[in-house]
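First up is the structure itself, then whatever we jot down about it.
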Amino acid sequence: SGWIERNWLTRTGDTEHGRYIFDDISYHWGRKLIMDLYNEGIVSEAESFNPDNMVTKEEFLVFVSKSLDKHGINGEPTEERTLSFTDAQDIHPWAYEYIQHLEGYGLLNNYKDKLKPLDSLTRKEAANIIDGIFGENDKYNDLDINTIFKDISSLNEEDIKAIKTAYINGIISGKSAGAFCPDDYLTRAEAAAIMVKICDKLSSINK
């Protein structure tokens, strides 16, 4: 029965999403989230998704840009905009316009001279980008996020605020009891899960 189930997943996918587009997600915990993003046009068709690979900064930013655009959120016009990063030449051509969009929206202000687009993305970096999207919520002013995550007290105030925003908006939770693991890298499947939550949150706001 186990072989039959695995073979069925590979060939047909599931009743909600149909056949899985990517050849390496059939048995992965993130398969339905990844297919949700594919059906929304946020991830593109390819042979493989590589869900357990670490997501690069530029890959994550492309996902974010497409998610915001899907919900009608646009930054300043990208025409004739030149990215200010000294390593902008390292950005792949397919990612450049999306990163322009996010810089115009003000979501990359934490990156000063260098973006390092090909580096893996940390959980605290993702939180800072999420903070730029959703901002503060006065309802949770009295919440001390340090009482929830015991491993963030040494971070700067900006990072702690961003982690609080990501947490109270239900976008990123801890990795284990009492731990946010701010310097851990995100996998592509984890990035997909974050994008689904961002889209759900934006949809609820826009209703």
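The values are calculated or read from the model by the stated rules, or taken from the named source; none is laboratory data. Nothing here was measured: the structure is a model prediction, and the numbers come from that model. Cβ: placed from backbone, ideal geometry, glycine included. Neighbour counts: every protein chain shown. Side chains are part of the model used for accessible areas, which takes the heavy atoms of the whole protein and leaves out ligands, DNA and RNA. Shrake-Rupley method; radii C 1.70, N 1.55, O 1.52, S 1.80 Å.
In a loop (DSSP other than H, G, I, E, B) and within 16 Å of residue 73 (Cβ to Cβ): is that true of residue 115 in this structure? Step through it out loud before you land on a result.
On the way: in a loop (DSSP other than H, G, I, E, B): yes; within 16 Å of residue 73 (Cβ to Cβ): no.
No; evaluated as a whole, the condition is false for this residue.
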| note | Of the residues in region 118-127, those that are part of a loop (DSSP other than H, G, I, E, B) and surrounded by fewer than 20 Cβ atoms within 10 Å (Cβ to Cβ) come to 118, 119
| field | Options 128, 146: the member that is under 13 Å from the mean Cα position of the chain (by Cα) and without any contact (Cβ under 8 Å) to a residue 40 or more places away in the chain | value | 128
| note | Those residues of region 107-117 that are under 17 Å from residue 182 (Cβ atoms) and buried (at least 22 other Cβ atoms within 10 Å of the Cβ) come to a total of 0
| In region 174-186, how many residues are closer than 17 Å to residue 52 by Cβ, open to solvent by 20 Å² or more (accessible area, probe 1.4 Å) and touching a residue at least 60 places away in the same chain (Cβ under 8 Å)? | 2
| task | Taking residue 45 as the residue in question, decide whether it is within 21 Å of residue 109 (Cα to Cα), modelled with pLDDT under 95, exposed (fewer than 13 other Cβ atoms within 10 Å of the Cβ) and out of contact with any helix residue (DSSP H, G or I) (no Cβ under 6 Å at 6 or more places or on another chain). | result | no
| Can residue 164 be described as open to solvent by less than 80 Å² (accessible area, probe 1.4 Å) and of a type in the set (Lys, Arg)? | yes
| query | Among the residues of region 75-82, is any modelled with pLDDT under 95, open to solvent by 10 Å² or more (accessible area, probe 1.4 Å) and part of a helix (DSSP H, G or I)? | reply | no
| query | Could you say whether any residue in region 128-136 is open to solvent by 80 Å² or more (accessible area, probe 1.4 Å) and modelled with pLDDT under 95? | reply | yes
| request: Please indicate, with yes or no, whether at least one residue in region 91-98 is under 26 Å from residue 202 (Cα atoms), at pLDDT 90 or above, part of a loop (DSSP other than H, G, I, E, B) and open to solvent by less than 10 Å² (accessible area, probe 1.4 Å). | output: no
| note | In region 18-42, anything small (Gly, Ala, Ser) and either open to solvent by 50 Å² or more (accessible area, probe 1.4 Å) or in a loop (DSSP other than H, G, I, E, B) (or both) is listed as 26, 30, 41
| request: Of the numbered conditions (1) surrounded by fewer than 19 Cβ atoms within 10 Å (Cβ to Cβ); (2) farther than 22 Å from residue 65 by Cα, residue 149 fails exactly one; give the number of that condition. | output: (1)
| Is it true that residue 194 is open to solvent by less than 40 Å² (accessible area, probe 1.4 Å) and either of a type in the set (Asp, Glu) or over 16 Å from residue 68 (Cβ atoms) (or both)? | no
